[in-house]
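Asker: To start, I am sharing the structure in question, which I have written as structure tokens.
Laboratory data are not the source of any read-out in this text; all were calculated from the coordinates shown. The shown structure was predicted, so the numbers you read here are calculated from the model rather than taken from an experiment. Because the Cβ atoms are built from the backbone with ideal geometry, glycine has one as well, and the counts that use them run over all protein chains shown.
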Amino acid sequence: MGLLRWLFPSPQDRIDQAQVQLDAGEYARARLTLENLDSAEANALRDRAHAGLKHLNLELAVAEARAGQPGRSAEHLKLAASFTGTGDPDLRAARREIRELRKSAAPKPPPKELALARDPEVLHAGPVSEADVWSLPPDDPRLQYAMALEGYPLELRARLLALGTEFALAVGQVAAGQPAQAIQALGSFIELEPAARWERARAAHAAGELGLAASDLQAFGDQFGHQVLGGVHSAALLSRILAEQRRLPEGLDVLEAALVSEPNHLQLLGARTGLLEGVGRFAEADEAARELVKLAPRDMGLYKLMARCRVRAGKRVEAMQVLESGLKGNCSTGRCGSQAFDVEAGRMLARLYLEDRLDPKRVEELLARVRSGARQHTWLDTYLDTLQARNAGDPGAVERAKQLLIGLADGDPRGGLVREAFPALTG
């Protein structure tokens with residue numbers, strides 16, 4: 001995902017991201033990515049996420065039952081049931097297996113590694129060193145957490161590993177689709193180790209608790225300095241969360257401060273560029289994107305941002321030129337295999353050409369690529385078809401334009417597009 005798409009993902013970006021997450025088995029993250037999206041494709045992916053979470057929780061429920069943890073087992077069963085119907089055959093089979101385990105006169109002892117993870121003496125014993133953690137059994141949550149920490153700075157990695165099994169288990173609840181429970185479990189570690197605010201911030205963001213996430217990230221940055229953890233810059237993440245809260249100027253301040261010490265950090269620069277557009281500083285956003293695209297020439301989000309800023313400034317030809325430049329390097333012909341045609345950019349460019357009645361041959365090429373690459377037909381696609389009919393002199397184009405206005409709320413910018421393209425509708 002490009003620098004700007006990470007900060008301000010479109011519905012299609014979120015669908016693509018959820019697809020990648022599902023393929024990687026990250027069902028909880030995919031479910032959160034799809035939140036508030038309502039389309040056939042989003043709903044199908046959401047069903048996959050729910051199915052994955054169901055199976056994950058059923059496996060955990062059976063494992064906890066075998067380990068002699070009926071309370072934890074029941075909790076996972078309840079979660080599994082929330083992702084499916086009561087008559088689900090997998091749910092029935094898991095319940096049956098758990099009942100058999102309970103009836104067993106001589107239940108098997110828990111596996112050694114699971115017993116280690118649950119042993120109160122281990123939970124509260126002194127911290128295992130970073131060198132020794134790699135000798136732990138494969139299922140020990142501390143080892144799994146240590147593997148996830150490999151992209152963290154050394155000092156923070158040591159601090160977080162020292163918090164032991166309970167902390168690792170709490171962090172693992174986020175990936176298991178239980179970010180709210182993770183928040184509660186991680187709270188007890190904050191006073192003990194302030195670096196734990198990073199993990200609670202991640203959990204809070206996943207749970208939609210944006211205020212807590214922002215507060216924890218701000219406190220983390222104040223104490224440890226903003227830095228890269230697992231490929232994510234904490235200042236960029238904080239700016240994204242503030243943007244989600246509609247606190248864009250504050251997010252921009254965070255980025256400006258971080259860029260003082262890291263002036264060439266791509267993630268920070270990309271986030272800043274997106275926020276400059278978000279706060280209406282379009283000329284600055286255009287210039288920032290123009291500089292950044294020299295470092296990330298294949299990031300179509302930057303070309304689209306420049307085009308949007310130029311359209312706002314009345315520089316429509318310049319907007320067309322920058323989109324053509326981006327698509328040229330983004331496989332506009334469809335014959336190169338390195339990067340797929342950017343459907344959103346193709347729609348944007350075709351719209352500008354059609355609205356200004358320019359280059360019908362190029363429009364045909366763009367629309368053919370859009371139709372072959374689009375996952376579904378959108379309102380904008382219908383608008384483009386209507387503009388094409390208008391430009392061809394179709395007498396029914398105005399009536400088709402009227403249909404585009406049906407269902408649009410007052411103030412919807414799409415209505416302005418239609419009325420500007422079809423002045424007869426304003427009379």
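Asker: For the range 195-299, which trypsin sites (Lys or Arg not before Pro) are both in a DSSP coil and crowded by at most 12 other Cβ atoms within 10 Å? Walk me through the intermediate numbers first.
Answerer: Details: sites: Arg197, Arg200, Arg202, Arg240, Arg246, Arg247, Arg272, Arg281, Arg290, Lys294, Arg298; in loops: Arg246, Arg247, Arg281, Lys294, Arg298.
The qualifying sites are Arg246, Lys294.
Asker: Right, next: Run the numbers for Glu318 and Thr382: contour at 0.36 nm per residue of separation, minus the present Cα-Cα distance, in nm.
Answerer: Gain in length upon complete extension: 20.5 nm.
Asker: For the chain, calculate the relative contact order in percent as a whole number, restricting contacts to Cα pairs under 8 Å that are 6 or more residues apart.
Answerer: Working: 494 pairs, mean separation 36.5, N = 427.
That works out to 9 percent.
Asker: Compute the signed sum of charges (Lys and Arg +1, Asp and Glu -1) over the other residues within less than 12 Å, Cβ to Cβ, of Ala180.
Answerer: Net charge in that neighbourhood comes out at 0.
Asker: Kirkwood Rh and Cα-based Rg: tell me the resulting Rg over Rh for the chain, rounded to two decimals.
Answerer: Numbers: Rg = 26.0 Å, Rh = 24.8 Å.
Result: Rg/Rh = 1.05.
Asker: Follow-up. Using amide H atoms built in the peptide plane, which far-off residues or other-chain residues are under 5 Å from Leu229 H to H?
Answerer: When sequence neighbours closer than 5 places are left aside, the close amide H contacts are Ser234.
Asker: If you don't mind, another one. Please work out the Cα convex hull volume for the range 281-376 and give it in Å³ per residue. Could the numbers behind the result be given before it?
Answerer: Details: hull volume 9.0 nm³, N = 96.
Value for the range 281-376: 94 Å³ per residue.
Asker: Count of lysine pairs in the chain with Cα atoms under 29 Å apart, counting only pairs 8 or more residues apart in sequence or on different chains?
Answerer: The number of close lysine pairs in the chain is 20.
Asker: Now for a different question. Computed over the Cα atoms, what is the radius of gyration of the range 1-105 divided by 2.2 N^0.38 Å, N being its residue count? Don't skip to the end; give the middle numbers.
Answerer: Values: Rg = 16.8 Å, N = 105, 2.2 N^0.38 = 12.9 Å.
Scaled against compact globular proteins, the figure is 1.30.
Asker: On a full-extension model of 0.36 nm per residue, what is the gain between Asp90 and Glu250, subtracting their alpha-carbon distance, rounded to one decimal in nm? Mind dumping the intermediate values first?
Answerer: Working: separation 160, 0.36 × 160 = 57.60 nm, distance 4.77 nm.
Length gained between Asp90 and Glu250: 52.8 nm.
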